[in-house]
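Student: Below are the structure tokens for one structure; questions will follow.
The values are calculated or read from the model by the stated rules, or taken from the named source; none is laboratory data. On a predicted model such as this, the values are computed, not experimentally measured, just so you know. Heads up, the Cβs are rebuilt from the backbone with ideal geometry, glycines too, and the neighbour counts pull from every protein chain shown.
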Amino acid sequence: MEKLWTTSEVAVFLGIAEVDVEELVRQGKLTGYKLGGQFLRFRPNQVEELKRTMRFRPTTASAVRREGWWGKAREFVYFYDFYLVSATFLALLVVYLIASS
């Protein structure tokens, strides 16, 4: 199974801003797959094919978000927010039940 690319990875690969990647999806020039109903992911071979067939005007370095540890942590929390909140609630509930007995 191949690894699907995130919007930011596609933006860096194409040298454009993330909003431009989303615009390509809206225009039907790039196929995005939704995971969890909200996260766009892309097949690398489709992105590479798009880069071969289209010319992109490079954006400024500040417009392209660099994927560092902060971006990965933010995406992790954004994707797993329900599970993190649920685990925190359950941990607090266990602590409360132990302390009250």
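Student: Find the residue count for the stretch 1-12, including only residues that are part of a loop (DSSP other than H, G, I, E, B) and either touching a residue at least 60 places away in the same chain (Cβ under 8 Å) or more than 22 Å from residue 74 (Cα to Cα) (or both). Please lay out each step first, then the result.
Tutor: In the first step, residues of the stretch 1-12 are kept if they are part of a loop (DSSP other than H, G, I, E, B); the result is 1-4.
Now drop any that are not either touching a residue at least 60 places away in the same chain (Cβ under 8 Å) or more than 22 Å from residue 74 (Cα to Cα) (or both), which leaves 1-2.
Counting residues in the stretch 1-12 that are part of a loop (DSSP other than H, G, I, E, B) and either touching a residue at least 60 places away in the same chain (Cβ under 8 Å) or more than 22 Å from residue 74 (Cα to Cα) (or both) gives 2.
Student: I need the full set of residues from the stretch 13-24 which are crowded, with 16+ Cβ neighbours inside 10 Å and either part of a helix (DSSP H, G or I) or not small (Gly, Ala, Ser) (or both), in order please.
Tutor: Answer for the stretch 13-24, where residues must be crowded, with 16+ Cβ neighbours inside 10 Å and either part of a helix (DSSP H, G or I) or not small (Gly, Ala, Ser) (or both): 13, 14, 16, 18, 20, 21, 22, 24.
Student: So which residues in the stretch 36-73 are modelled with pLDDT under 80 and either among the aliphatic types (A, V, I, L, M) or assigned to a helix (DSSP H, G or I) (or both)?
Tutor: Residues of the stretch 36-73 that are modelled with pLDDT under 80, as a first pass: 36-39, 55-72.
Answer for the stretch 36-73, where residues must be modelled with pLDDT under 80 and either among the aliphatic types (A, V, I, L, M) or assigned to a helix (DSSP H, G or I) (or both): 61, 63, 64, 69, 70, 71, 72.
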